[in-house]
Amino acid sequence: IFEVRLASSGAVYLIPPDETVISALAKHGIDIPSSCEQGICGTCITRVIDGVPDHRDLFLTEEERAGNDQFTPCCSRAKTRTLVLDL
Ligand code: FES
């Protein structure tokens with residue numbers, strides 16, 4: 001389990017192990033554009049301001065992953081307790 005904090009509002013949302021970030025945030029009315037939901041298309045890429053993503057997509061390059069400043073919320077998760085997103 002990890003949590004996502006929105007930079008704009010400061011609101012914090014828990015992301016259960018069996019739910020994606022996109023799906024968990026959608027339940028609170030926060031909609032992130034998505035398409036493939038499988039980490040292939042890159043549509044859902046979201047900027048990460050703090051925390052370390054656990055990249056599970058096939059879209060970002062190794063270099064982009066290592067930057068820790070963006071991730072694909074349709075499938076990727078977090079290595080840190082909190083991810084602060086530019087939302
Ligand atoms: Fe396609 Fe996330 S929706 S990579």
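General observations
- Number of the condition not met by Pro53 [criteria: (1) under 17 Å from Leu14 (Cβ atoms); (2) away from the ligand (no atom under 14 Å from the Cβ); (3) surrounded by 15 or more Cβ atoms within 10 Å (Cβ to Cβ)]: (2)
- Pairs meeting the criteria (first residue in the range 2-17 and touching a residue at least 24 places away in the same chain (Cβ under 8 Å), second residue among the charged types (D, E, K, R), beta carbons under 7 Å, at least 6 apart or on different chains) are Phe2/Arg77; Phe2/Arg81; Glu3/Arg81; Ala7/Asp86; Val12/Glu3; Val12/Arg5; Ile15/Glu3.
- Contacts under 7 angstrom Cβ, first residue in the range 69-87 being loosely packed, with under 14 Cβ neighbours inside 10 Å, partner polar (S, T, N, Q), 6 or more apart: Asp86/Thr46
- Scanning the range 56-68 for residues that are surrounded by fewer than 19 Cβ atoms within 10 Å (Cβ to Cβ) and under 22 Å from Glu3 (Cβ atoms) gives Arg56, Arg65, Gly67, Asn68.
- Qualifying residue in the range 6-13 (condition: surrounded by 12 or more Cβ atoms within 10 Å (Cβ to Cβ) and within 16 Å of the ligand (Cβ to nearest atom)): no
Residues are listed down the side, and each one gets a yes or a no for (1) polar (S, T, N, Q); (2) at negative phi; (3) more than 15 Å from the ligand (Cβ to nearest atom):
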residue	(1), (2), (3)
Asp31	no, yes, no
Ser35	yes, yes, no
Glu63	no, yes, yes
Pro73	no, yes, no
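- Candidates Ala78, Ala26 - the one that is more than 9 Å from the ligand (Cβ to nearest atom), within 10 Å of the chain's Cα centre (by Cα) and of a type in the set (Gly, Ala, Ser): Ala78
- Candidate set from the range 31-48 (those that are of a type outside the set (Gly, Ala, Ser) and surrounded by fewer than 15 Cβ atoms within 10 Å (Cβ to Cβ)); member that is farthest from Thr82 (Cα to Cα): Ile40
- Pair list, Cβ < 7 Å and 6+ apart or interchain, from the range 21-40 residues that are under 19 Å from Thr61 (Cα atoms) to residues that are away from the ligand (no atom under 12 Å from the Cβ): none
Taken together, the values in this text are just the output of simple stated rules run on the coordinates, not laboratory data. Not measured: the values here are computed from a predicted model. Neighbour counts run over all protein chains shown; Cβ positions are idealised from the backbone, glycine included.
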